[in-house]
Amino acid sequence: MTRHLSSLLDSEQDRIATAWASALSRMRPSAYVYRPLEELRRLGRAYLAELVSYLDSDDPARLREFVHREAALRFSMGFGAAEVVQGFVVFRELTQDLCEQLVPDGENLLLLYRSLAGATDFTVVEFVTFFNHLAEERTAAQQKEMQDLQRALVDEAVQDEVTDFFTSRYFDEHLAVEMKRAARYHRAFSLVVVDIDDFDELRDRYGAVGADATLRSAADALRALTRDVDIKARTDETEFSIAMPETLLEPATAVAERLRLAVGKLPVPQDAPVADWRSLRASVGVGSHPDHGSTARELLQSVRRARDQARMLGGDMVLRAEGAAQPETKLL
């Protein structure tokens with residue numbers, strides 16, 4: 001029977017394809033343009049061949065594989081699931097007429113019609129399920145891509161790519177929050193600013209690669225000598241700022257001195273002759289809330305001013321801030 005069915009279906013290709021195209025064009029006028037008759041005939045012929053094989057063997061594996069392959073193809077070409085499914089529905093509507101041409105007997109006719117209708121329903125369910133699966137996969141991939149992009153943008157905004165420290169923008173926001181917390185709960189809070197001396201000369205001598213290597217080494221040393229709760233940031237080209245919650249001025253000054261000594265022990269840039277460059281040095285400022293600033297801006301200005309004074313005195317030293325920075329006065 002399947003051989004006769006195959007022959008009958010093959011002879012009805014034009015009829016099936018035309019009905020399919022008509023149904024699609026009614027759904028969307030442009031559908032017929034994108035799915036010419038020959039393409040519909042090809043799809044229909046391939047589908048009917050798999051359908052006959054399925055009826056002959058009662059094994060859905062090949063038919064399912066065909067449906068999944070066609071769904072992936074249509075999906076990759078940007079076609080809608082409803083349009084393709086409409087073609088299967090059209091075929092289902094034609095099956096009874098085709099069965100009557102093949103099997104005039106009522107009982108066998110009903111059996112064949114049910115088999116063809118069931119196979120068509122199976123095809124529709126498999127197609128829609130797999131098509132939706134592909135759509136969900138694409139949506140998940142697009143969401144992941146967007147999340148990765150957003151994460152990269154966030155990382156770029158808050159994390160310095162050279163030292164892996166936080167950026168100045170993130171540090172300023174964090175410092176403001178920590179200062180408000182310290183003021184509200186009357187908690188100790190200190191700030192240390194470390195700046196590498198003569199860094200411009202080092203960069204001119206060893207280039208950007210050597211300069212970045214030095215900054216990474218300095219960052220590693222600062223990270224090793226501070227606590228996890230201390231927020232560390234690269235707040236300028238050669239400046240590192242360290243916010244130290246729950247820390248009084250005396251302990252913060254001791255940490256600042258250890259940081260200065262650690263920078264002084266760092267190696268010169270890789271492959272540079274040892275005699276060609278003196279040891280690294282750092283000017284360090286340290287201050288605490290509220291003695292050296294009641295706001296984040298005031299404290300940072302006071303500690304940076306101490307750092308600048310240390311540099312003017314020859315560098316390689318730690319100085320405490322003297323007091324809150326005064327507002328700048330405009331010259332008339």
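Identify all residues within segment 164-210 that are within 17 Å of Lys232 (Cβ to Cβ) and β-branched (Val, Ile, Thr); write none if there are none. Selection gives Thr167, Val177, Val192, Val193, Val194, Ile196.
Of all residues in segment 174-197, those that are over 16 Å from Arg320 (Cα atoms) have Cβ atoms under 9 Å from Cβ atoms of residues that are among the β-branched types (Val, Ile, Thr) and modelled with pLDDT under 90, 6 or more apart or on another chain, in Ile196/Thr214. Counting the residues of segment 26-54 that are over 21 Å from Val128 (Cβ atoms) and either crowded, with 18+ Cβ neighbours inside 10 Å or modelled with pLDDT under 70 (or both) gives 9. Does Asp204 fit the bill of being touching a Gly at 6+ places or on another chain (Cβ under 7 Å), among the acidic types (Asp, Glu) and more than 11 Å from Ile231 (Cβ to Cβ)? So Asp204 fails the test. Per the listing Asp59, Asp14, Asp105, the residue uniquely modelled with pLDDT under 65, exposed (fewer than 15 other Cβ atoms within 10 Å of the Cβ) and of a type in the set (Asp, Glu) is Asp105.
With respect to the conditions (1) without any contact (Cβ under 8 Å) to a residue 60 or more places away in the chain; (2) touching a Leu at 6+ places or on another chain (Cβ under 8 Å), Asp121 lacks only one, and its number is (2). Could you check, for segment 170-187, whether at least one of its residues is assigned to a loop (DSSP other than H, G, I, E, B), surrounded by 13 or more Cβ atoms within 10 Å (Cβ to Cβ) and modelled with pLDDT of 85 or more? Among the residues of segment 170-187, at least one is assigned to a loop (DSSP other than H, G, I, E, B), surrounded by 13 or more Cβ atoms within 10 Å (Cβ to Cβ) and modelled with pLDDT of 85 or more, which makes the answer yes.
When Arg227, Arg234, Arg216 are checked against the criterion of being under 29 Å from Pro290 (Cβ atoms), assigned by TED's automatic domain parsing to the domain that holds Arg307 and without any contact (Cβ under 8 Å) to a residue 60 or more places away in the chain, Arg227 stands alone in meeting it.
The values are calculated or read from the model by the stated rules, or taken from the named source; none is laboratory data. The structure displayed is predicted, hence computed values, not measured ones. A quick note on method: Cβ atoms are made from the backbone with ideal geometry, for glycine too, and the neighbour counts reach across all protein chains shown.
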